[in-house]
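The structure under discussion is supplied below as structure tokens; questions concerning it will follow.
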Amino acid sequence: MNFIQARMGRSLMTHAANPQPSSPIDYSKPEKECDLVMKGGVTSGIVYPPVVLKLASTYRFRNIGGTSAGAIAAAATAAAELGRDKDGFKKLEQLDQQLGSCLISAPNGKCEVTFLQNLFQPTQKAKPVFDIALSLFTDWQSFQQTRPTKIKLLGWITRVLRENHGKVFQQGANLGLIIVLVLIIVLLVISFVAFSLFGGQPNPLGLAILLLLYGLPLGLLARPIGGGIKTLFSLGNILQQEVVRENGFGLCTGMSGATSTSQGKALTDWLHEDVLNELADKPLTEPLTFGDLKAKSITLQMVTSNLSHNQPYILPFNQPIFIFQEQEFRKLFPDEVVEYLIQTSPSVGIDFEDNQFHFLPIGDEMPVIVATRMSLSFPILFSAIPLYTIKASQSAAKIIRAEDLQRNWFSDGGISSNFPIHFFDAWLPSRPTFGINLTTWKDNQKGIIKDEGSEETELAAPSLEQYSYIPLTPQSKSRKRSVNLARADDEIEPLWQNLDNKLLAFLGAIFATAQNYRDTMQTMLPSYRERIVEINLKDKEGGLNLEMPPELINKLKDLGTEAGKVLLEEFQFPHHRWVRLKLMMGLLEGQLNTIPNIIDRQNLNYQEFLQNQKDKEFPYSEKNLAWIIDAITQLQELEALIRQWQQRKQQNSQFGFEHKSPLDEPDRPILRVTPEL
């Protein structure tokens, strides 16, 4: 299977030949405001534009967040919101249509290369690995259903290697055949010599039979074995030399150009030219920045994973600690973006001996395209992003040499937080923060959805490869297999995945648990689950299924439209805000109630405590006497309020929030100090 054919020289914009009529939807005057958070999922992200478009006529987007493919959708939503008065969402409609279009059609009318597929362009040298990996991933889902024998499995793998790395496979096959022929000749010579030494006369018929018995099987096996071994060695060399060393651990850089395998735009070029700057109505020479969004009261946040630090970061950065190298960034971003980065590099009183190094712009100055690409760096599929930090031993130096720097590899944000639904949390929200969750349904799993007054309905349940939930007592109208919105008081339970005797599934579940457990548990909490719409996809839908046909792409987009409709029709903001208020008041009350007990048991004196922190140089000590006096007053007032609450509860145990639902449930949440991610 060749991913991008030589015929890519044809027109790549077939969608432009048949433009869709302009939508009659009025996006100019939304009546409400909302926040939006979207999950990662590679090609699953095609469901997001229809959701956004469905919401955009009713809601103005204020805070937008996402990870990986969700970061692309978040960036596009923010850009369209910025350009709302200049048809930003009308343009997003056109981009949505473009994603489902076909670029190259076969003579029989079947689509060979879709617009979506063409965004993922491997470098020329990495193309064999890309094609083979894509074939194995795409064909395996169908092949495994036939329950193949080991012989059939080896035959299938050999065929995939031959079809996608044919020249090298043929070289190996020929070499294997030559080796077998040499072995046969050597055996014949040894046979003749042996007969001669022992005075015997060689029997031509016997030698011919011997040749057939040993030579024919060896000859049949020599070509596939030789071809397979040669191909595997070649692929290993490509991975080490091209993917790891030259391409930053990725098959695709995200950029079009001389090293790309086709003439169409790759993902990063497309995002910069046709998505972000187009939707925001900005010239290409001026990359869209977080400051542009902030000026219109739009907040955008994304997640990236620093593998060298073993931790996630929220984008944009708020401190100038990361450094980029110009030549490396020109392989990953358009020239005008790199020039902007150089021009706006923050001045921190440090110079570099090599003028290729520059501090990365932070905060308002950071281009959205850079943050988006840092969040979307799916391991191995896309190159990781290299940024540098100064070694601790050189932190005081004013001139930094190349050897004083250490490279940090930034990869996909979904590695650490694939669904940052906690973004934009407020104790008492002024507007809803919607979440869009993507799950994968497995046909060999079953779950039960129960509804009062009706029979149980058995549905295929989502796989735990993508964290998910289904309400066991749903009360919403959207009780469907594909799209669902839970209610705050729905009974939520984790789904079970059968791992018996399945090594690969077991290993996959280990990674999925480590990656998703925090997000999984967060989505199941009251005040979260009722604002998260779930879109359930089948095995061959979204994810790494890069070869989805236009019909399937458009089907997934319809699910996005349905999800937006469900949010508009069924989400109840007053209900959500009441649940959040009740939940947070209960948690706050529970923590505050512990303070008087500690004060009484340890005879804590505020004045003495604050005096000690000033005189004995405590960490973060406060020296200002006026501040200390005011702090003592605040603490005394808070203690008095807490004791008043406790007294009221002693008089009537029914008062207070702490022991009311949903905090009376076994798996109650807690209130604690925790990192932002």
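Bear in mind these aren't lab numbers, they're just calculated from the coordinates by the rules spelled out. Only a predicted model underlies this, so the values are computations on that prediction, with no experimental measurement involved. Positions of Cβ are generated from backbone atoms using ideal geometry, with glycine treated the same way; all protein chains shown enter the neighbour counts.
Arrange Phe333, Phe322, Phe609 by Cβ neighbour counts within 10 Å, fewest through most, would you? It would help to have the intermediate numbers written out before the result.
Numbers: Phe333 26, Phe322 19, Phe609 13.
Starting with the residue having the fewest Cβ neighbours, the order is Phe609, Phe322, Phe333.
A follow-up question, please. Taking the Cβ-Cβ separation of Gln327 and Thr299 as r and a Förster radius of 45 Å, what is the calculated FRET efficiency to the nearest 0.05? Display every interim value, and only then the final one.
Values: r = 33 Å, r/R0 = 0.73.
Efficiency, rounded to the nearest 0.05: 0.85.
Place a label point 7 angstrom from the Cα of Tyr517 along the Cα-to-Cβ direction, then list the residues of region 414-437 whose backbone nitrogen is under 17 Å away.
Counting backbone N atoms under 17 Å from the label point, the list is 415-419.
Please find the FRET efficiency linking Ile595 to Leu625, where r is the Cβ-Cβ separation and R0 is fixed at 25 Å, and quote it to the nearest 0.05.
Numbers: r = 24 Å, r/R0 = 0.98.
Rounded to the nearest 0.05, the efficiency is 0.55.
Test of understanding: extend the Cα→C-beta vector of Ala426 to 7 Å, then name every residue of region 289-308 with backbone N under 20 Å from that spot.
293-302
Right, something else. Give the lysines whose C-alpha is closer than 25 Å to that of Lys282, dropping any in the same chain fewer than 8 places away, or say none.
The reachable lysines, counting only those whose Cα sits under 25 Å from Lys282, are Lys29, Lys54, Lys86, Lys90, Lys91, Lys265, Lys294, Lys296, Lys331.
Modelling each spin label as a point 7 Å along the Cα-to-Cβ direction, I'd like the Thr58/Ile25 distance in nm, to one decimal.
Those two pseudo-labels are separated by 1.2 nm.
Could you pull out which residues in region 282-298 have an amide N less than 16 Å from a spot 7 Å beyond the Cα of Gln343, following the Cα-Cβ vector?
Answer for region 282-298: 282-292.
Right, next: Residue by residue through region 625-641, which ³J(HN,Hα) values in whole Hz follow from phi under the Karplus form 6.51 cos²θ - 1.76 cosθ + 1.60 (θ = phi - 60°), with glycine and proline marked x?
Couplings: 5, 4, 5, 4, 4, 5, 5, 4, 4, 4, 5, 5, 5, 5, 4, 4, 5 Hz.
To make sure I understand the rule: partners must be aspartates and glutamates, Cα under 12 Å from the Cα of Lys660, and not fewer than 8 residues away in the same chain. Which ones qualify?
Counting by Cα, and skipping residues close in sequence, Lys660 has these aspartates and glutamates nearby: Glu589.
How do Ile64, Ile535, Ile642 line up, fewest other C-beta atoms within 10 Å first?
Working: Ile64 30, Ile535 25, Ile642 17.
Starting with the residue having the fewest Cβ neighbours, the order is Ile642, Ile535, Ile64.
Could you state the principal axis extents of the C-alpha atoms in region 576-651, from the largest down, to the nearest angstrom?
The Cα atoms of region 576-651 stretch 45, 30, 19 Å along their principal axes.
Here is a further query. Amide H neighbours of Val483 under 5 Å, counting only residues 5+ apart in sequence or on other chains, H built in-plane at 1.01 Å?
Hits under the 5 Å cutoff: Asn536.
Please give the peptides 426-432, 269-275, 38-44, 381-387 ranked by average Cβ packing (other Cβ atoms within 10 Å per residue), highest first, as a rough proxy for protection. Numbers along the way, then the final one.
Details: 426-432: 14.1, 269-275: 20.9, 38-44: 27.3, 381-387: 23.7.
Ranking the peptides 426-432, 269-275, 38-44, 381-387 by packing returns 38-44, 381-387, 269-275, 426-432.
If each residue of separation counts as 0.36 nm, what is the full-extension length gain between Lys555 and Leu677 once their alpha-carbon separation is subtracted? The partial results should precede the final answer.
Working: separation 122, 0.36 × 122 = 43.92 nm, distance 3.36 nm.
Answer, rounded to one decimal: 40.6 nm.
Residues with beta-carbon under 10 Å from that of Ser383, excluding Ser383: net charge, scoring Lys, Arg +1 and Asp, Glu -1?
On the way: positive: Lys331, Arg373; negative: Glu246, Glu328.
Result for the neighbourhood of Ser383: 0.
Check which residues have an amide H placed less than 5 Å from Leu381's amide H, if you skip close sequence neighbours.
Sorted by chain and number, the residues that satisfy this are Leu251.
Please report, in whole Å, how far the alpha carbons of region 380-432 spread along each principal axis, starting with the longest.
Cα extents, longest axis first: 49, 33, 13 Å.
Hey, could you grab the Kirkwood Rh for region 540-677? Inverse mean 1/r over distinct alpha carbon pairs, Å, one decimal. Walk me through the numbers before you get to the answer.
Working: mean 1/r = 0.0491 Å⁻¹.
Across region 540-677, the inverse of the average 1/r is 20.4 Å.
Here is a follow-up. Give the cross-link partners of Lys230 among the aspartates and glutamates, using a straight C-alpha distance below 15 Å as the criterion and excluding same-chain residues fewer than 8 apart.
Cross-link targets: Glu163.
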